[in-house]
Amino acid sequence: MNRRTFLLGMAGLAGCARSAHPRLNVYNWSDYVAPETIADFEAEFGVQVRYGTYESNEEMLAKVFTGNSGWDVVFPTHNLLQPMSEQGLLAPLRHDWLSGLDNLDPRYRAPEWDPQLQWGVPYMWSGTGIVYNRSVQPPLTRWAGLWDEHLKGRMTMLDDPDDMLGACLKKLGLSFSATDPNELRRAQQEAIAQKPLLQAYLNAEVRDHLVSGDVLAAQLWSTTAQQAIDAAPNLAFAYPSEGFPFYCDCAAILRESRRAQLAHQFLDYLLRPSVSAAIAAFTKTPTANGAAHGLLPETIRNNPTLYPPAEVVQRGEWPRPLPPATQRLRDRIWTEIKSS
C-alpha cells in the first residue's frame, strides 16, 4: 500500500467517524439505478446519500475538473478513465475493499482500457447501431444504408460528434478512433453528403418519433433503441456489419473524496449480483456483472439488442482516448458539419 492510498483510506475512515450518519455523494447518469438501489444502501449501511444526475460526460467533467466538486463517486465512460487519471482526478481502487470484483463478466475483469481495474469498476455498457421500421426493405444492416435517398427526411443521426463521425469512419472501413486528419476529413465529406437526407440530428428524443412512425431509421444507442422497440414491436435494431462502437460506464472514486472506504462500500454494493440485476432489469441496460446476468429474466438475458451474440460482439470496437490535437480537430469538423 503506498502512502497516498493509505492517506485516502484514513480520510475515508475519519469522515465516517465525524458523524453518526455519514454522507456519500454520488453523481451518476440519469435513470441509471433501480428505485430501491439508493434507499437500500442507506438503510443497510446507516448512511445518507446525496444523489445527483447528469446527461453527458461533459456535464460531469465540468463539475469534477475543479477538484472541489463535492462528489465522491462518478460514472465516466471507459475512454475517460485514462485522461481523468492522468489529470489526477481519480483515486486508485483498493481491491481488498472490493470483494465483488469476481462477479464481473470475464471480459470486464481485465478490459483493454483499464487492465488492472485500477481506476474504475465496469458498471453498465451499450453499443451504437441502427434502429429502423420493419417496413424498410431490405433491412438496414449497414451504415451505408443511412445514405439511401429513399429515406430522405425520415431518418436521423445522433447529435453526438463521436458517434456521428464514427459511423462515417466505419462506413469508409476506418477505425472509430481514427486520428489521421485525412481520414477525418474524408469522414466529414460523408457526413456533409448525408446531411440533406436527414430530418435532424437527435439523441434519445428520437425514440418517440420512431414509435409514431415519423422517423423510419435512426442511428441510436442500443438501450434507447430497445425502449422504442418495447413500445413499437414493428421496430428492429441492427449492429452494422461494417463495425460499431461499444461503451462501458464505470464506477470511479474521485481523488478529492474524503470518504474512500464508504465509497468503496458503495461500489462493492453495486457489484452484488442481486443489486446489479435489479438495476439492469429496471433500466433495460446491459450489465457488466456476469453473476447478475444469470439472474435476469430470460426475455432480457437473451435479448440480442441488449446482449448481442459473440459473432456480433467481435465486430464491436471500444473507442480509445484521443490526443488533444485530434479532439480539437474533431470538434472543429463537427462544427463545420452542423453549419454546412
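The values are calculated or read from the model by the stated rules, or taken from the named source; none is laboratory data. This one's a predicted model, so the numbers in the text were calculated from it and none came from an experiment. We place every Cβ from the backbone using ideal geometry, glycine too, and count neighbours over all the protein chains shown. Ligands, DNA and RNA are excluded from the accessible area calculation, which covers all protein heavy atoms including side chains. Shrake-Rupley method; radii C 1.70, N 1.55, O 1.52, S 1.80 Å.
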Across segment 212-226, the tally of residues that are open to solvent by 60 Å² or more (accessible area, probe 1.4 Å) and either in contact with an Asp or Glu (Cβ under 6 Å, 6 or more places away or on another chain) or among the hydrophobic types (A, V, I, L, M, F, W, C) (or both) stands at 1
Condition met for Gly127 (in contact (Cβ under 8 Å) with a residue 40 or more places away in the chain and assigned to a helix (DSSP H, G or I)):
no
Counted residues, segment 166-205 - those being assigned to a helix (DSSP H, G or I) and in contact with a Gly (Cβ under 6 Å, 6 or more places away or on another chain):
1
Which of the following residues is more than 30 Å from Leu197 (Cα to Cα), in a helix (DSSP H, G or I) and out of contact with any helix residue (DSSP H, G or I) (no Cβ under 8 Å at 6 or more places or on another chain): Phe266, Phe282?
Phe282
Is there any pair linking a residue in segment 227-254 that is at positive phi and in contact (Cβ under 8 Å) with a residue 60 or more places away in the chain to one that is part of a loop (DSSP other than H, G, I, E, B) and not β-branched (Val, Ile, Thr), with Cβ under 8 Å and at least six apart or on different chains, and which?
Gly243/Phe176; Gly243/Arg315
Arg185: passes all of (1) within 12 Å of Val131 (Cα to Cα); (2) charged (D, E, K, R); (3) surrounded by fewer than 21 Cβ atoms within 10 Å (Cβ to Cβ) but (1)
Entirely in segment 291-340, the helices (runs of 4 or more DSSP H) that have 2 or more residues that are among the basic types (Lys, Arg) and closer than 25 Å to Met84 by Cβ:
324-339
Of everything in segment 227-259, what is of a type in the set (Gly, Ala, Ser) and crowded, with 19+ Cβ neighbours inside 10 Å? Give them in sequence order.
Ala228, Ala238, Gly243, Ala251, Ala252, Ser257
Take segment 83-111 and flag every residue that is out of contact with any helix residue (DSSP H, G or I) (no Cβ under 9 Å at 6 or more places or on another chain) and either in a loop (DSSP other than H, G, I, E, B) or among the β-branched types (Val, Ile, Thr) (or both).
Gln87, Gly88, Ala110
Suppose we keep only residues that are of a type in the set (D, E, K, R) and either closer than 16 Å to Ser69 by Cα or surrounded by 13 or more Cβ atoms within 10 Å (Cβ to Cβ) (or both) within segment 32-58. Which one would you say is modelled with the lowest pLDDT?
Glu58
From the list Asp208, Asp163, which one is part of a helix (DSSP H, G or I) and open to solvent by less than 30 Å² (accessible area, probe 1.4 Å)?
Asp163
Which one is nearest to the chain's Cα centre (by Cα), of the residues in segment 261-303 that are without any contact (Cβ under 8 Å) to a residue 60 or more places away in the chain and open to solvent by 40 Å² or more (accessible area, probe 1.4 Å)?
Arg301
So, Thr77, is that one of a type in the set (Ser, Thr, Tyr), out of contact with any His (no Cβ under 7 Å at 6 or more places or on another chain) and at pLDDT below 95 or not?
no
(1) more than 23 Å from Gln327 (Cα to Cα); (2) touching a residue at least 12 places away in the same chain (Cβ under 8 Å); (3) not in a loop (DSSP other than H, G, I, E, B) all hold for His150 apart from (2)
Determine which member of the set Pro245, Pro233 is part of a loop (DSSP other than H, G, I, E, B) and either at pLDDT 95 or above or not aromatic (Phe, Trp, Tyr) (or both).
Pro233
